[in-house]
Amino acid sequence: MTETLHPELPLERSSALDPPAELGILRETQPISRLRYPDGHLGWLVANHALARAVLADNRFSNRSELMHTPVRVGGKAVPPPPAAKPGMFINMDGPAHSKYRKLLTGQFTVRRMNQLVPRVEQIVADHLKAMRAQGPGVDLVSAFALPVPSMVICELLGVPYEERDSFQRDSKTAFNLENDFDEVMAAFERIEAFVAELVRRKHGAPGDDMLTGLIESGELTDEEVTNMGLLLLIAGHETTANMLGIGTLTLLEHPEQLAALRADPSLVDNAVEELMRYLSIIQIGPTRIALEDLELGGAEIKAGDAVTISVPAANRDPNRFDRPEEFDIHRPATGHVGFGHGVHQCLGQQLARIEMRVAYRALFREFPDLRLAVPASEVPMRDQHAIYGVQSLPVEFT
Amino acid sequence: MRIEVDPDRCAGSGMCALTDPAVFDQDEVDGTVVLLDPTAVGHEREAREAAHLCPAGAIKVVE
C-alpha cells in the first residue's frame, strides 16, 4: 500500500452541503491512511463505510479520554492530553464502566418512550412556528426554530428550567467553536458543569418528574456522576439536533423537487430524516478511537496507542454502501448510515433526535408552504470551524 | 431461520425496535432488546436488517 501523509484532517469544503473533496479521494484511493495529529502523534484516518463500522464495533479500540489524540486544532493549537473521564462522563469510558452508566439511561430513550413524546414535541414545534410567523419575513430560522425546539425538549426531559437556557446555549456554542482558545472552550464547559451541578443540588430539595430527579433517586449515583451525565445529555441533546434542523431546512430548500415530493407525501419524512443524516453527516470531526493492542485493519498495521479517526461524511458517501451517494434523494434506502455512529457508543438520544426532526420538518413545511431563503444560498454562513457542522443562521421569507 | 439476541451485549440504541417492532421490542427499565418473535416469520428481511444495523452485535440470525 502506498502511503501519503495527510498533514491535517481535511475540513475545507468547496460546496456547503458536500464534504471536503479530499475525503472522497482518500476513500477511493486509501480508505485507511496516515494522519498527522496536531499534537505530533502519527495516527490514521478511516474514510470508508465498512472500515468505519469495523472500528466503531471493535472493543480493541478505546474511547477513553486519557488515551485520546484530537485530530483538529482548537484556537490554532494542539489540544493538550485530556485527563481521564470524570465520574459519570460515560462517553469517554469503555466496557463495564461505560455500560453501567449508559444502562441507567437507555430505558428513558427507547423507541416507545420517544413515540409517546410526539404530542408534546408537536406542541413545542407549533408554538415556535407561530412565534416565527409573528416575527415576519427575514427571521432567522436558527434562533427562532432550529435551536429553541430541541433545547426546550431536552430541558423538559432533564428537568432544566428553560428560562435559564441563555447561559448554557451560549456556552455550548463557545465550547464547539474550534476558533476559540482552548482555555475559553474549557471555561465554557466548566460553566455548564457548574450550572448542572447547581441544578442537581436544587433537585434534592425540589424533585420533579424528570430525568435528573430520576437519576438522583436511583440511589446508585453520586451528585458528581448525575451532574456529568446531565451535562452530556444537555449538550448532546440540543447542539446536534439544532444543527440538523437548520442545515436540513437549507438542504430541502435547495432541492425543490425533493421538497415537493415530501410536501406531496408527508409520510416520506421518516426516510427523509435518514437521508438528511446520511447526506449531511454533521459530525465532521471524528469520532476518534485508540487501539488498545496491535492489530490489522484494511491492510494497515495499527499499533497499540495509535489514534484512528473516522470520517463520518466520507463513510456516509461511500458508493459501496449507497448508490449515487452524492445525490440527495429522500426516496433512497438510507438506513445503515453512521450519522449516529456505530458500536456501543452509538448515539443514546437518536430516537429522540428522529422524532424531533420528523415532527419539525413536517410542521415547518406544512405551516410555511412558500418558505424560501431571504438571502442567496451562497451567502448563508456555514459552521466550517465547528466540531458540529451546520448553518450559523438561516434568514427565511414567507407570505 | 431463527433469531438470537444477547441483552448483555445490547447498547439500547433501539435500532431493532425501529426496524421491526413486530419482532423486536425494548425493555421498559433498561431499554435492552426484547425478542418478540424468534422465528420472524414473514419478517425475515427486516430481521436480517436489524441484525446488520445493531451497533453492538447483539442480534444473530441463525439460518
Problem - Degrees separating the helix B:44-53 axis from the principal Cα axis of chain B, which is the longest one - result: 40 degrees
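With viscosity set to 1.306 mPa s and temperature to 10 °C, compute the Stokes-Einstein D of chain A, Rh being the Kirkwood radius across alpha carbon pairs; µm²/s, no decimals.
73 µm²/s
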Exercise for the section: Please provide three numbers in whole Å: the alpha-carbon extents of segment B:2-62 along the principal axes, with the largest listed first. Expected result: 29, 19, 16
Problem - Chain lengthening between A:V375 and A:E184 when straightened (0.36 nm per residue, less Cα-Cα) - result: 65.5 nm
Problem - Span-like helix ranges in chain A, DSSP H, alpha carbon extent 24 angstrom or more, Kyte mean at least -0.5 - result: A:118-135, A:182-205, A:223-254, A:350-367
Practice task
At q = 0.18, 0.20 Å⁻¹, work out log10 I(q)/I(0) for segment A:101-179 with the Debye formula, treating every Cα as an identical point scatterer and leaving solvent out; two decimals please.
Solution key: -0.92, -1.05
Fill in the blank from the handout: At R0 = 22 Å the Cβ-Cβ FRET efficiency linking A:T174 and A:K77, nearest 0.05, sits at 0.85
Completion exercise
Gyration tensor on Cα atoms of segment A:148-271, a ≥ b ≥ c root eigenvalues, a/c under 1.5 rounded, else prolate if a/b beats b/c, else oblate, says oblate
Practice task
Give the long-range amide H neighbours of A:Q346: residues separated by 5 or more places, or on another chain, with amide H under 5 Å away, using H modelled in the peptide plane at 1.01 Å from N.
Solution key: none
Exercise for the section: Order by neighbour count: A:Y162, A:Y279, A:Y389, fewest other Cβ atoms within 10 Å first, most last. Expected result: A:Y162, A:Y389, A:Y279
Handout entry: Pairwise label distance in nanometres, A:E163 with A:V118, each label 7 Å out on the Cα-Cβ vector
Key = 3.3 nm
Completion exercise
Among A:A307, A:A175, A:A54, the residue with the largest mean-square fluctuation in a Gaussian network model of chain A built from Cα contacts under 10 Å is A:A54
Exercise for the section: Can you tell me the relative contact order of chain B? Whole percent, Cα pairs under 8 Å, sequence separation 6 or more. Expected result: 46 percent
Completion exercise
Under the 7 Å Cα-to-Cβ spin-label approximation, A:R60 and A:I25 lie apart by a distance in nanometres of 3.1 nm
Handout entry: Estimated FRET transfer efficiency (A:A261, B:L36; beta-carbon r; R0 30 Å; 0.05)
Key = 0.35
Handout entry: Two-site FRET efficiency, A:K130 against A:D294, from Cβ-Cβ distance with R₀ of 51 Å, rounded to 0.05
Key = 0.30
Problem - Label-to-label distance, nm, for residues given as A:H204 and A:E301 (7 Å Cα→Cβ offset) - result: 5.6 nm
Exercise for the section: Rank the residues A:L23, B:L18 as a footprinting-exposure proxy: fewest other Cβ atoms within 10 Å of their Cβ go first. Expected result: B:L18, A:L23
Problem - For segment A:302-310, Karplus couplings with θ = phi - 60° (6.51, -1.76, 1.60), whole Hz, Gly/Pro x - result: 8, 9, 3, x, 5, 8, 10, 9, 8
Practice task
Restricting things to alpha carbons, find the Rg to Rh ratio for segment A:1-116 using the Kirkwood radius for Rh.
Solution key: 1.04
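Bear in mind these aren't lab numbers, they're just calculated from the coordinates by the rules spelled out. Just so it is clear, the model here is predicted, and its values are computed rather than measured. All Cβ positions, glycine included, derive from the backbone under ideal geometry; neighbour counts span all protein chains shown.
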